[in-house]
Structure formats: C-alpha cells, structure tokens
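The block underneath contains the structure these notes are about, expressed in structure tokens.
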Amino acid sequence: MKNFLIIFCFFIVSSSLFSQSNVTYDIEKKITTLEEIHTNAWSKVSKIEGYRIQVISLSGANSKAIVENMQIDFSTKFPEIPAYVTYFEPNFRLRVGDFRTKLEAYHLFHSINALFPGAFIIKDKIEYLPK
C-alpha cells in the first residue's frame, strides 16, 4: 500500500510539472535589427570566392563559336550544372559549376574529365546561392 501511495503521488506531481512547458522568447530589438542588417547585406552579394571546372580555353579564329558549341554540348550532357562562357583577352573560356569548396568541385570533376579530357579545377568568383 505504501508503494502504491508513493507511485500515485509521483504521477500527480509529474503531471502538474508536464503542463508547464510553454516557453516564450524575449528577443531584444537590437538583435532583430542586426539580423535584418546582416540579411540585407548578404542579399546584395552576387559573387563570392569559390571553384569552377574549366573545360576549355581557346584563342584564335572561330574560338568563340567553338567554345559556345562546347557549352551547348556540355549543357545537354549535364543540364543541372551551369556553364559560363567568359572572355579574357585573348581567350574564350568555358567554366562550369558554382562550387564553394574544392572538394565539391572534385566530386564532379571525374565525370566531366571523362567526357572532356583536359578539364581542371580553378579558383574563380562564383554565383552566390544561399543555402
């Protein structure tokens, strides 16, 4: 009987404690203001340091057309990966992907290098895509 009374008291006390689980957060206005400033500042950033895979770099006659055709070929084989044709005098370059780390670029590098030999990973400004 004594054990029953102890267990009964335990359940009564624990059930009253369980109902007190409402939590309210009192955040200062300064913290929310700082969060808004931080969010607004990063929303204006369009490019950050990262990595891309350079597929080809050509100069000379018809180099622009060749690189653009290679971009179309790449986009049909890898439609989910963005491809960028850039011109740095005197070369047209095809660079692909927006990787934040070299390891991310390396995961895809083997697939690309099998179809486009001579590709390599290069540090570049990439499009900022918030996670």
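The values are calculated or read from the model by the stated rules, or taken from the named source; none is laboratory data. Fair warning: this is a prediction, and the values are worked out from it, not measured in the lab. Virtual Cβ from ideal backbone geometry, glycine too; neighbours counted across all protein chains shown.
Okay, here's what the table says:
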item	result
Qualifying residue in the range 3-14 (condition: modelled with pLDDT of 90 or more and either loosely packed, with under 10 Cβ neighbours inside 10 Å or touching an Asp or Glu at 6+ places or on another chain (Cβ under 8 Å) (or both))	no
Residue that is modelled with pLDDT of 85 or more, loosely packed, with under 10 Cβ neighbours inside 10 Å, among the polar types (S, T, N, Q) and within 23 Å of LEU115 (Cα to Cα), where the choices are THR86, THR76	THR76
Counted residues, the range 49-69 - those being loosely packed, with under 12 Cβ neighbours inside 10 Å and either closer than 10 Å to ASP124 by Cβ or among the hydroxyl-bearing types (Ser, Thr, Tyr) (or both)	1
Residue within the range 15-34 that is in contact with a Phe, Trp or Tyr (Cβ under 7 Å, 6 or more places away or on another chain), among the β-branched types (Val, Ile, Thr) and at pLDDT below 80 present	no
Wholly enclosed strands (runs of 3 or more DSSP E) of the range 39-126 bearing at least 2 residues aromatic (Phe, Trp, Tyr) and in contact (Cβ under 8 Å) with a residue 12 or more places away in the chain	83-88, 91-99
Selection within the range 89-127 - among the basic types (Lys, Arg), within 21 Å of LEU58 (Cα to Cα) and surrounded by fewer than 19 Cβ atoms within 10 Å (Cβ to Cβ)	LYS123, LYS125
